[in-house]
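The values are calculated or read from the model by the stated rules, or taken from the named source; none is laboratory data. Remember, predicted model here, so these are calculated numbers, not experimental data. A quick note on method: Cβ atoms are made from the backbone with ideal geometry, for glycine too, and the neighbour counts reach across all protein chains shown. Note: areas computed on protein heavy atoms with side chains; ligands, DNA, RNA excluded. Shrake-Rupley method; radii C 1.70, N 1.55, O 1.52, S 1.80 Å.
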Amino acid sequence: MRQPLEQQVSQSEMGSRWASNPLLEKNVWSFQDDLGYSKEECRVMGCKFLHFDRLQLPWLKYLVKLTVPARVQQQAALGTVLLTFRYLSALDRFLREQSITDPIAVTSRDLDTFMFQTSDAVEQKQQALTYVTKLWREGGWLDWQFVPTKVSQPSPSVKVIPEEILHQVPHPRSKK
């Protein structure tokens, strides 16, 4: 029988530092007062609070509450924290839509499906998911296997300058 997630976290080296954080009891965190971002950063990004009450899977909410301080501790930009939270909130919705409520039931195929369910910001989603799965695995909290897929970029089109125009352009070494 596996241990409850909170117990696994509190017994891990990394998690023991954060498991007693009083912020974990709150569902709304202030970027300025709770996480230390400046008033200017909050104004520029147009946000003041992080609302964890939007997450409905209790285990994912708990992991996200651990992930945000980890990002902040690494001095991540406010925008990075926001994007990570946004993608994990989307993952929460996706898992509920798929009726996946147990973290152990999540497969790499589920994560790939989530990644490509919409075409928006696939690379940013991959970066966020790569970060959190590595953090959670290294922390001993959750061992999800996620391997980012190479996202193909369209090749830039090559513009050809007609030869008659090319001869009209002075060569940088020629002095006329």
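Values as computed for the structure displayed
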quantity: Arg86 of a type in the set (D, E, K, R), closer than 22 Å to Tyr37 by Cβ and buried (at least 18 other Cβ atoms within 10 Å of the Cβ); calculated: no
quantity: All positions within region 5-25 that are surrounded by 11 or more Cβ atoms within 10 Å (Cβ to Cβ) and over 21 Å from the mean Cα position of the chain (by Cα); calculated: Glu6, Gln7, Gln8, Ser10, Gln11, Ser12, Ser16, Arg17, Asn21
quantity: Matching residues in region 89-137 - criterion: being within 17 Å of Arg54 (Cβ to Cβ), open to solvent by 50 Å² or more (accessible area, probe 1.4 Å) and of a type outside the set (Lys, Arg); calculated: Glu97, Thr101
quantity: Every residue from region 27-49 that is more than 11 Å from Leu78 (Cα to Cα) and touching a helix residue (DSSP H, G or I) at 6+ places or on another chain (Cβ under 8 Å); calculated: Asn27, Val28, Trp29, Asp34
